[in-house]
Amino acid sequence: MTIPFITKLTGLSPGPIVTVLGATHGDEPGGALLVEQLLHDLSDQQFSGILYTGIGNPIAYKQGTRSADVPGLTNLNRVFTQTYLDQPSPHLLDVQRAQELAPLLRTTDYLIDLHATSHPSEPFICFGKDPLHHLPLYKHTRVHSILTDPNHFMGSELGTTDAYVDRHSGIGICYETGQWSNQEQCRFAYEDLLNMLRGIGFLSGNATPYKQTQIVYCITHQGRSKTDVFTFNAAVLDNWSPVKQGQVIGVHGDGSPEVSPVQGAIIFQSRSEHVRAGQTIYSLVSTTGNAI
Ligand SMILES: [Zn+2]
């Protein structure tokens, strides 16, 4: 299988088909650097199986933008749905790229899609639902928090890379390394990546056993901007900041306050340049308990 901007490496012995993507959102360059590092490090290491790795969204990455298309129009990590993938000649560049990547994701046993947040954050892992199914990957990481969307706030047919792999019998996760500009956290993520690759038998050597129990969260609310401008209050700028019911989260461009309808923690606050009227600008989450 040949896919533009994706490199295939074949190990000396049989093993899992592993896909590692960086810059599925083009303005999250850390993942692309980790992919480069992985290719470099694997050049003189033995491994078992097949690795596909490269840039998720090469046009967006070159542009330094979230999407390859007009800002706010689409999102590569939301278009892995049958409706988009079945479009005969899609005009959206992100949908074209999804159609290029889809055959690879359908054959992938393990997907690790490397992302970064707009605002400061501890590293965390996202997938749609079913923590137990994803345990073989996240148990080899040091992240504390796992984000799921069992209530389908992000769509009834989740269009993320990880959910698409899950629907085709693989195990897919998005690994949020932290704030996009934080290089120190990229190193942390890279060590977790290598440990996952050991844990699934792709890299030789034993995975470092981590004992902590991850906490699973689910999305309980998503807030939308009324205008193309939104200013978050300083108290909720960091991912995972606690939010009380009735707390003012920020101010819309028309001067009206955005008030939290529920208690929880806030994540995925949009960068100001991504804010568009009617679009999601943050999510609220609450815990559903321990992962296992
Ligand atoms: Zn991302």
Return the residue satisfying two criteria in turn: it lies in the range 57-70 and is farther than 17 Å from Thr117 by Cα and not small (Gly, Ala, Ser), and of such residues it is farthest from the ligand (Cβ to nearest atom). Val70
Kindly check whether there is at least one residue in the range 110-130 that is assigned to a helix (DSSP H, G or I), outside the structural domain of Gly278 (by TED's automatic domain parsing) and of a type in the set (A, V, I, L, M, F, W, C). no
Test each condition in (1) over 23 Å from Thr19 (Cα atoms); (2) modelled with pLDDT of 95 or more for Pro71 and report the one that comes out false. (2)
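Can you report the number of residues in the range 64-86 which are exposed (fewer than 15 other Cβ atoms within 10 Å of the Cβ), more than 21 Å from Asp109 (Cα to Cα) and of a type outside the set (Gly, Ala, Ser)?
Residues flagged as exposed (fewer than 15 other Cβ atoms within 10 Å of the Cβ), more than 21 Å from Asp109 (Cα to Cα) and of a type outside the set (Gly, Ala, Ser) within the range 64-86 amount to 5.
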Selected residue [more than 16 Å from the ligand (Cβ to nearest atom), under 18 Å from Met196 (Cα atoms) and surrounded by 22 or more Cβ atoms within 10 Å (Cβ to Cβ)] from Leu51, Leu21, Leu42, Leu34: Leu51
Within the range 113-163, restricting attention to residues that are of a type in the set (Asp, Glu) and more than 15 Å from the ligand (Cβ to nearest atom), which residue is nearest to Asp94 (Cα to Cα)? Glu157
Looking only at the range 85-100, decide whether some residue is part of a helix (DSSP H, G or I), within 16 Å of the ligand (Cβ to nearest atom), more than 25 Å from Gly15 (Cβ to Cβ) and touching a Ser or Thr at 6+ places or on another chain (Cβ under 8 Å). yes
So Asp166, is it away from the ligand (no atom under 16 Å from the Cβ) and buried (at least 22 other Cβ atoms within 10 Å of the Cβ): yes
Can you tell me which residue within the range 34-68, out of those that are assigned to a helix (DSSP H, G or I), modelled with pLDDT of 95 or more and in contact with a strand residue (DSSP E or B) (Cβ under 7 Å, 6 or more places away or on another chain), is nearest to Met154 (Cα to Cα)? Tyr61
Those strands (runs of 3 or more DSSP E) completely within the range 174-261 that have 1 or more residues that are of a type in the set (Gly, Ala, Ser), at pLDDT below 95 and surrounded by fewer than 19 Cβ atoms within 10 Å (Cβ to Cβ) are none
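The values are calculated or read from the model by the stated rules, or taken from the named source; none is laboratory data. Treat the numbers as computed from the prediction; the structure is a model and nothing was measured. Cβ sites come from the backbone with ideal geometry, for glycine too, and all protein chains shown count toward neighbours.
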